[in-house]
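Values in this text are rule-based calculations from the coordinates and carry no lab data. Values in this document were obtained by computation on a predicted structure and should not be read as measured data. Cβ placement follows ideal geometry from the backbone for every residue including glycine, while neighbour counts extend to all protein chains displayed.
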Amino acid sequence: MIIDTHAHYYGEALFSALARRAGVPLVETADGGRFMVTSTSRFPLVGGFLSLDARLAWMDRQGIGHQVITFPGALGPDVFPVEEAEPLVRDVNDELASVCGGNHRFTGLAGLPLADIGRSVAELERAMRIGLRGAILPANYFLSLRAMSYLQPVLEAASALGAHLMVHPGHRHDEDLAPKRYDDLTMHRASTVDLHNAISHCAVTLMHADLEARFPGASFQIVNLGGALPMLLERMDHVVETRSPGSPPPSGMLGRLVFDTASLGPRAIEMAVAMLGVERVMFGTDYPIFDSSVSAKALAAARINEAEREAVASGTAARVLRIGAA
């Protein structure tokens, strides 16, 4: 059975909070249904967004025995002004913990009220006490070492608690949340090229952040195979070799970072196994944003050996997250 390490949970606590908002992100009711409205999209809340039974049935069809479900950080409620974010985050985390506590097939990652770092530390500590495994953190805090320094107290707390941290696309609390405008082809430029470029920057930051020495008790997951990192590592090594002889090659600086396969295909998985190491690669789907069999088919079609396929499917996740497939 497969462990899905990248999925999100949308629950009634989130829907209720966002339905009270006047600005995006918000939930609106129309034509007898509910819709999530963000700065870039409007989509119906159906299936796995609403129903655990629908989610479990989908998991069964994909051969997924266990799923890591997170606070839906990409929507941005964790970076609202803290007086709005804190009660929303607590309510959603409580509901997430209840779901995970009531079903052995789920492990949860909390959201944090990131506009106040002290309250974020307190919420991480509380989330771990109520059974969550760690937290999801917006990638824009990792676009540089300087930006990452804001999270120092959270990362120190995560290390002390043995928490797992997912670095996932999302804004910082001090940024303009309005989407970037494009002349054309916004779907591809925003949802793939810019998104994966940002994730690649996060990977470079974390490779150079001395994580094992500074935060030895925490584990760090970068989504979507680190953006373009598997393709770029050889060039990064070559640049260092020619421009900074004697410096460590980037390919040797991955440490204990792990990467999920969410939304990517078989050729990307092959390259990630070869360049990142199979011990750092974990299966992911980005469900329910991607409600399809693409991820399972990609793993099945990847030209890797069966031991590597088993490691991607569940072995790496079981080791890093200390969970097992049902």
> Taking a quarter of the surface of the convex hull around the Cα atoms of the range 282-326, what do you get in nm²?
Replying inline: 3.5 nm²
> So which trypsin sites (Lys or Arg not before Pro) in the range 14-65 are both in a DSSP loop and have at most 16 other Cβ atoms within 10 Å of their Cβ?
Replying inline: 20, 21
> Could you state the number of Å between the C-alpha centres of the range 256-298 and the range 66-134?
Replying inline: 24 Å
> Taking the Cα atoms of the chain alone, what are Rg (to one decimal) and Dmax (as a whole number) in Å?
Replying inline: 18.9, 64
> Taking N as the number of residues in the range 173-310, what is its alpha-carbon radius of gyration divided by 2.2 N^0.38 Å?
Replying inline: 1.14
>> Quick check for you: which residues of the range 33-52 have the amide N under 11 Å from the point 7 Å beyond the Cα of residue 26 toward its beta carbon?
In response: 37-38
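So between residue 212 and residue 187, what do we pick up on full extension, going 0.36 nm a residue minus the alpha carbon distance?
Between residue 212 and residue 187, full extension yields an extra 5.3 nm.
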>> Treating the range 236-326 as a set of equal point scatterers at the Cα positions, no solvent, please give the Debye-formula log₁₀ I(q)/I(0) at q = 0.16 Å⁻¹.
In response: -0.69
> Counting only Cα, what are the radius of gyration and maximum Cα-Cα distance Dmax of the range 105-251, in Å?
Replying inline: 16.6, 51
